[in-house]
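The values are calculated or read from the model by the stated rules, or taken from the named source; none is laboratory data. Just so we're clear, the structure is a prediction, and the values are computed from it rather than from any experiment. Every residue, glycine among them, receives a Cβ derived from its backbone with ideal geometry; neighbour counts consider all protein chains shown. Surface areas here come from the heavy atoms of the whole protein model, side chains and all, with no ligands, DNA or RNA. Shrake-Rupley method; radii C 1.70, N 1.55, O 1.52, S 1.80 Å.
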Amino acid sequence: MKQQRPYARAIVTKKAARALAAGHPWVFAGEVLAVEPGLDGSPVENGCLVDVLEKNGTYQGTGLLSAESKIRVRLISRNANDRFDGAFWHRKAAWAWEYRKTTMGHRALPGCEPDTDCCRVVFSEADGFPGLVVDRYEDVLVSQVGTVGMERLRPQVYGALLDVLRADGADIRAIFERNDGKTRRLEGLPSYQGFWGGGGWDGQVSVPDSPQVVAHENGIAYALDLAHSQKTGFFLDQKYNRRAVRDLAAGKRVLDCFSHVGPFGLNAAAGGAAFTRCVDISQTACDLAAANARLNGLDGSMAFTCANVFEYLDALLADKRFLKEQGGPFDLIVLDPPAFTKSRSTRGSAARGYREINNQAMRLLPRGGYLATCSCSHFMDAEHLKSAIAQAAHDAHVQLRQVEERQQAPDHPIVWGIPETHYLDFFIFQVV
């Protein structure tokens, strides 16, 4: 690289260079041979921009340094001609939003809100914003910052997002920060949450009194508490998978397991299900699901149970009277469990969990019944999940007819070369 550049330089191994050339944007700590000051002599600071070079000087990209993380550098560009100013982040924000408009902007259900009213606007590395997730809930954005570099860039990046969205007619009034994730500790960052006051940006943003909002997805209203709900307030990645369940639900008795605040169950009820029971281990989640059912006028055909799903399914299998009391037999069962594994080392025990719940559901379903089941862990990929489901079917002495194989919604894009971006696999089967 012959041009004079002001950035610090991370000299990396050939292994790192091969991974970067294959499309992955990370450099791990053990792959960094040295970090050198920029040509202007400025000190290397945690979170600063660094050019990534091989020992022979070959430029691999420019990224953000995380001095306390195992992931030492995360690339934001592979173009040596980029200037990392406000225009750069505005371009990236515009590309991210245009992608959502193209892939989701014309898929709304008849008479319902645009699908981009509630969607993920920025999906971290998949959109070139390493360590940043931003979800839109109509007129409020909810952000999660997980890296020190992105923490430093917040005013610039937030401003770019607000400018792009507002210029497109989206009336975004505020940004709520959920910067309380575990990954921040690995970066040496403090934990906090609250509405962003606009510091460091020359635009205007409001600071509402309450983090509670009402947002709509698939024509269904949800009362969300942005400060206390899971993740950024809701799980937007299942938007179209919920529609797939909705399309099957008419006239059926539905059991929604691991229901959280009820989105699968509510979609089933909205799709004409004869009865829907939602089950979750959290009483708070069950209460919120019941409140959402009332909010949408669907509470007349829904019921809610706070229970451990594994134990609850066992109880249904053991006692036909209890099954009938709970609204069964069920024609459609939805399994949307939390990630049973967050590392490759625990994938075996996770597979046993997936086998068990799928086996329980298959034994509860009559011939001709439907099962919607998924995994939301990158480490339990489609092939491992298929294997667990196949073993469950064998043990339950049933055969499965696959209706659909699905993934996360396109606002959570899967980027080839970055396997971590593919984390949700969803199947619908008929028991035959």
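In segment 21-28, is there at least one residue being buried (at least 19 other Cβ atoms within 10 Å of the Cβ) and of a type in the set (F, W, Y)?
yes
Which members of segment 388-402 meet the condition of being surrounded by 15 or more Cβ atoms within 10 Å (Cβ to Cβ) and outside any loop (DSSP other than H, G, I, E, B)?
A388, I389, Q391, A392, A393, A396, L400 - these are the residues of segment 388-402 that are surrounded by 15 or more Cβ atoms within 10 Å (Cβ to Cβ) and outside any loop (DSSP other than H, G, I, E, B).
Mind checking whether some residue in segment 356-372 is hydroxyl-bearing (S, T, Y), under 18 Å from A393 (Cα atoms) and open to solvent by 40 Å² or more (accessible area, probe 1.4 Å)?
Taking every residue of segment 356-372 in turn, at least one turns out to be hydroxyl-bearing (S, T, Y), under 18 Å from A393 (Cα atoms) and open to solvent by 40 Å² or more (accessible area, probe 1.4 Å).
Out of (1) of a type in the set (S, T, N, Q); (2) modelled with pLDDT of 95 or more; (3) part of a loop (DSSP other than H, G, I, E, B), the odd one out for N81 is which?
In the conditions (1) of a type in the set (S, T, N, Q); (2) modelled with pLDDT of 95 or more; (3) part of a loop (DSSP other than H, G, I, E, B), N81 misses (2) alone.
Taking A108 and the conditions (1) closer than 26 Å to G159 by Cβ; (2) open to solvent by less than 50 Å² (accessible area, probe 1.4 Å); (3) of a type outside the set (K, R); (4) outside any strand (DSSP E or B), which numbered condition does it fall short on, given that it satisfies the others?
Every condition holds for A108 apart from (1).
Filter segment 29-49 for residues that are under 31 Å from the mean Cα position of the chain (by Cα) and small (G, A, S); which is least open to solvent (accessible area, probe 1.4 Å)?
G47
Can you tell me how many residues within segment 65-98 are surrounded by 18 or more Cβ atoms within 10 Å (Cβ to Cβ) and aromatic (F, W, Y)?
2
Which members of segment 318-331 meet the condition of being open to solvent by 50 Å² or more (accessible area, probe 1.4 Å) and either small (G, A, S) or out of contact with any Pro (no Cβ under 8 Å at 6 or more places or on another chain) (or both)?
Correct list: A318, D319, K320, R321, F322, K324, E325.
State which residue is nearest to R107 (Cα to Cα) when the search covers only segment 182-193 and only residues that are touching a residue at least 12 places away in the same chain (Cβ under 8 Å) and either touching a strand residue (DSSP E or B) at 6+ places or on another chain (Cβ under 6 Å) or of a type in the set (K, R) (or both).
Checking each candidate, the answer is Q193.
Among L33, L20, which is on the phi < 0 side of the Ramachandran plot and not in a helix (DSSP H, G or I)?
Step by step, each of L33, L20 is checked, and only L33 is on the phi < 0 side of the Ramachandran plot and not in a helix (DSSP H, G or I).
Restricting attention to segment 420-432, does a residue exist that is acidic (D, E) and without any contact (Cβ under 8 Å) to a residue 60 or more places away in the chain? Break it down into steps so the answer makes sense when it comes.
If we filter segment 420-432 for residues that are acidic (D, E), which is where we start, we get 420, 425.
Restricting the remaining residues to those that are without any contact (Cβ under 8 Å) to a residue 60 or more places away in the chain gives 425.
Among the residues of segment 420-432, at least one is acidic (D, E) and without any contact (Cβ under 8 Å) to a residue 60 or more places away in the chain, which makes the answer yes.
Which strands (runs of 3 or more DSSP E) sit wholly inside segment 248-332 and have at least 3 residues that are out of contact with any helix residue (DSSP H, G or I) (no Cβ under 6 Å at 6 or more places or on another chain)?
Passing ranges: none, list empty.
Considering only residues of segment 199-210 that are open to solvent by 50 Å² or more (accessible area, probe 1.4 Å) and not small (G, A, S), which is farthest from Q230 (Cα to Cα)?
D202
In segment 233-249, is there at least one residue being of a type in the set (D, E, K, R), more than 19 Å from the chain's Cα centre (by Cα), at pLDDT 95 or above and surrounded by 20 or more Cβ atoms within 10 Å (Cβ to Cβ)? Spell out how you get there, then give the answer.
Step one: filter segment 233-249 for residues of a type in the set (D, E, K, R), giving 237, 239, 242-243, 246-247.
Among the residues that remain, those that are also more than 19 Å from the chain's Cα centre (by Cα) are: 246-247.
Those left that are additionally at pLDDT 95 or above: 246-247.
Filter once more, so that each one left must be surrounded by 20 or more Cβ atoms within 10 Å (Cβ to Cβ): 246.
Yes, segment 233-249 contains a residue that is of a type in the set (D, E, K, R), more than 19 Å from the chain's Cα centre (by Cα), at pLDDT 95 or above and surrounded by 20 or more Cβ atoms within 10 Å (Cβ to Cβ).
Do you know which residues across segment 140-160 are within 19 Å of the chain's Cα centre (by Cα) and either of a type outside the set (V, I, T) or buried (at least 23 other Cβ atoms within 10 Å of the Cβ) (or both)?
First, pick out the residues of segment 140-160 that are within 19 Å of the chain's Cα centre (by Cα): 140-147, 150.
Result: L141, V142, S143, Q144, V145, G146, T147, M150.
Residue by residue through segment 328-346, note down the ones that are among the aromatic types (F, W, Y) and at pLDDT 90 or above.
Listed by number, the list holds a single entry, F330.
Out of segment 164-198, which residues are farther than 23 Å from D225 by Cβ and surrounded by fewer than 18 Cβ atoms within 10 Å (Cβ to Cβ)?
Hits for segment 164-198 are R166, A167, D168, G169, R185, L186, G188.
Could you tell me whether segment 211-224 includes any residue that is small (G, A, S), touching a residue at least 60 places away in the same chain (Cβ under 8 Å), surrounded by 15 or more Cβ atoms within 10 Å (Cβ to Cβ) and part of a loop (DSSP other than H, G, I, E, B)?
Within segment 211-224, one or more residues are small (G, A, S), touching a residue at least 60 places away in the same chain (Cβ under 8 Å), surrounded by 15 or more Cβ atoms within 10 Å (Cβ to Cβ) and part of a loop (DSSP other than H, G, I, E, B).
Residues being within 17 Å of H24 (Cβ to Cβ) and small (G, A, S): count how many of those fall in segment 59-89.
So the count comes out to 5.
Does segment 357-368 include one or more residues that are part of a helix (DSSP H, G or I), without any contact (Cβ under 8 Å) to a residue 24 or more places away in the chain and over 27 Å from G131 (Cβ atoms)?
So far as segment 357-368 goes, no, none of its residues is part of a helix (DSSP H, G or I), without any contact (Cβ under 8 Å) to a residue 24 or more places away in the chain and over 27 Å from G131 (Cβ atoms).
Just a yes or no: is a residue in segment 165-183 part of a helix (DSSP H, G or I), within 26 Å of D85 (Cβ to Cβ) and among the β-branched types (V, I, T)?
Checked segment 165-183: no residue is part of a helix (DSSP H, G or I), within 26 Å of D85 (Cβ to Cβ) and among the β-branched types (V, I, T).
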